[in-house]
Each structure stands twice: as C-alpha cells, then as structure tokens.
1. Go through the stretch 59-93 and report how many residues are under 29 Å from Arg106 (Cβ atoms) and not aromatic (Phe, Trp, Tyr).
2. From the list Ala41, Ala21, Ala65, which residue is out of contact with any Lys or Arg (no Cβ under 8 Å at 6 or more places or on another chain) and modelled with pLDDT under 90?
3. Working carefully through the options Val55, Val70, Val126, find the one that is over 21 Å from Leu22 (Cβ atoms) and either modelled with pLDDT of 95 or more or touching a helix residue (DSSP H, G or I) at 6+ places or on another chain (Cβ under 8 Å) (or both).
4. Within the set of pairs 6 or more residues apart or between chains, which connect a residue that is more than 16 Å from Ala121 (Cα to Cα) inside the stretch 135-153 to a residue that is of a type in the set (Val, Ile, Thr) and exposed (fewer than 15 other Cβ atoms within 10 Å of the Cβ) with Cβ atoms less than 6 Å apart?
5. Can you tell me which of (1) in contact (Cβ under 8 Å) with a residue 60 or more places away in the chain; (2) in a loop (DSSP other than H, G, I, E, B) is the one Asn50 doesn't meet?
6. All but one of (1) at pLDDT 95 or above; (2) over 14 Å from the mean Cα position of the chain (by Cα) hold for Thr144; which doesn't?
7. For the condition assigned to a helix (DSSP H, G or I), small (Gly, Ala, Ser), out of contact with any strand residue (DSSP E or B) (no Cβ under 9 Å at 6 or more places or on another chain) and closer than 17 Å to Phe123 by Cα, what is the one hit in Gly92, Gly76?
Amino acid sequence: MISHPSLILRMKKNRKLIYLALFLSMALVLHYVEHFFPTLAPGAKLGLANIVTLVTLYLFGFPEAMVVVVTRSILGPILGGSPTGILYSLAGGVLSCMVMAVLFFRFNRYFSLLGISVAGAVFHNVGQLLTASLLYGTIGILFTYLPILMLSSIITGNFIGLVGKYMIRFLDKKEFHVNFS
C-alpha cells in the first residue's frame, strides 16, 4: 500500500500524462486518416482531430487541451504533410482552442457542446485564412474562401460536436472522471 502523499501525487500525474499521451495519439491518427477523405475546397476538411480537442477540453481543461493542440499541430504536418502546414495548423488550432475554451468555461449557459464545436470550426478556418493572407500578402484569399469555409464549418462543426458529445457521454458512463489534483 502506498501511503506517502508525494508518491500518490506522482502516480496521479503519471496517470494524467498517460491519458494525455493517448489523446494526442488519437488526434494524430485522426489527423492522418483525414487525408484519405475528399475535400470540397482547398482547406475544407472534416477536422476529425478536433474531436479530441473538444473532449480534452471537457475532461482536462484548457492548458491540457492547448498542449494537445500545439503538439498535434506540429507533429501532424511533420509526420504526414508539409512544413508550411505547421503554420496553418497552429494558427487554426490555437485560435479554435482559445475560442472553445472561452465559450465552454465562461458562456456554457448559452452554448451547447455542438455550438462550441461550430464556433471552434469557424475560428479554425479564420485562423488558417488569416495565415494564408499573411503568407501570400493579400486579403483577397480571406474573402474568396470565407463563404465556402463558413458553410463547411457549420456542417463539420456540428458533426465534430455530435461525435464529441457521444464520446464524452460514453466516457462518463464508464466513470472516466479525471481528478488529478
């Protein structure tokens, strides 16, 4: 029987680290699998890895979700994309995670998980479009792709939110309660 408080705390931290590593692995696999789906327009993807971001935000909180997003945004394009993909992925992922965290922790009375997911999808695309505008030196990209990507954000955001909702419900039924403090 372990009775020393520092050992118990270290075990809780190790358990949390293991779960976060598993969530990051799932996000990377989903990021890779997404390349096999056809796209409607350049940059319009399902955003399957954002399921993990949403669930991590719900189960662990903002700092942990941001770690998963940043790590996935760097490793995903390195493992199966292009180096410039890191910029797009970071811009979209970080902005999306920040917006979802604000809505989730400050305005959850007004937004459902699906609404938070849609907002995350919208701001993910906004972040990527702003990055493209900066890289190519023209604001025209923003106005050309914005209507297409906003429509796809509504559809994919609802899908991602729905999957995230069922994943969270499943994990809650399995009594996945993360209390690592």
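The values are calculated or read from the model by the stated rules, or taken from the named source; none is laboratory data. Keep in mind that this is a model prediction, so the values were computed, not measured. Here Cβ is always computed from backbone atoms with ideal geometry, including for glycine, and neighbour counts include all displayed protein chains.
1. Residues meeting the conditions: 21.
2. It is Ala41.
3. Only one candidate passes the filter, namely Val126.
4. Qualifying pairs under 6 Å: none.
5. Only one criterion is unmet by Asn50, namely (2).
6. Thr144 satisfies every listed condition except (1).
7. Within the list Gly92, Gly76, the selection yields Gly92.
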